[in-house]
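Data first, discussion second: the structure below is written as structure tokens.
The values are calculated or read from the model by the stated rules, or taken from the named source; none is laboratory data. Predicted, not measured: the structure shown is a model, and the values here were computed from it. Protein only, heavy atoms only, side chains kept; ligands, DNA and RNA dropped before computing areas. Shrake-Rupley method; radii C 1.70, N 1.55, O 1.52, S 1.80 Å.
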Amino acid sequence: MDVCVARCMERAKTSGRSDDTEEVIQARLRTYNEQSKPVVDMYAKFGKVREVDGSGDTIQVWNATRKAMLPQVSWIVGPKISGKTAIGLPLAQRTNAKLLNFDDFVKQNGLENSDDDTVVLALIQQLALEIAPRIFIKDFPKNQYQARFFIKNAVNPSRVFLLNCSKDVC
């Protein structure tokens, strides 16, 4: 909270607001802790709260907020005919999620001949527009570079489902 007070006091130097005093700022923080925080705590019990550290500079806070807004992402990988779609579709339906086929995404967006950075950034941009709370991405990542690039620029996957099958089936 000291960071919040210091930040507001710094803002007070140029804001021209007569109510940017330390006493008023402390009162605002008390009101938040007494009235708003219990509501936040209630939503946290349902997994609806995403915490963002607001003590960094503007760019750091923006990047953390952007990441917090992305849906929960899981990857479904495995060899062809291992059942990724057969498992992914009912799993998505039962968990209020969306199944995104990475190969179809690449084709639909004309990214077949694009480098990994371009493809993964396009995927991240698509996820930022997504309204579903959870996304299962089938057949992603294709390689370690894509996985690392995604994690660095978006979020860690919540889960990675590896579907194996016997040599007799696959």
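At-a-glance table
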{"read-out": "Within the accessible area of segment 23-167 (1.4 Å probe), percent carbon and sulfur", "value": "54 percent"}
{"read-out": "Prolate/oblate/rounded label for segment 21-84 (Cα gyration tensor, a/c 1.5)", "value": "oblate"}
{"read-out": "DSSP bridge pairs, the chain: antiparallel proportion in percent, nearest 5", "value": "0 percent"}
{"read-out": "Accessible surface of Glu34 - all protein chains present, 1.4 Å probe, nearest 10 Å²", "value": "130 Å²"}
{"read-out": "Whether segment 1-128 is rounded, prolate or oblate, judged on the alpha carbon gyration tensor where a/c under 1.5 counts as rounded", "value": "oblate"}
{"read-out": "Solvent exposure of the chain as accessible area per residue, Å², 1.4 Å probe", "value": "68 Å²"}
{"read-out": "Sequence-distant residues sharing a close amide H with Ile135 (under 5 Å, placed H)", "value": "Gln72, Val73, Ser74, Lys98"}
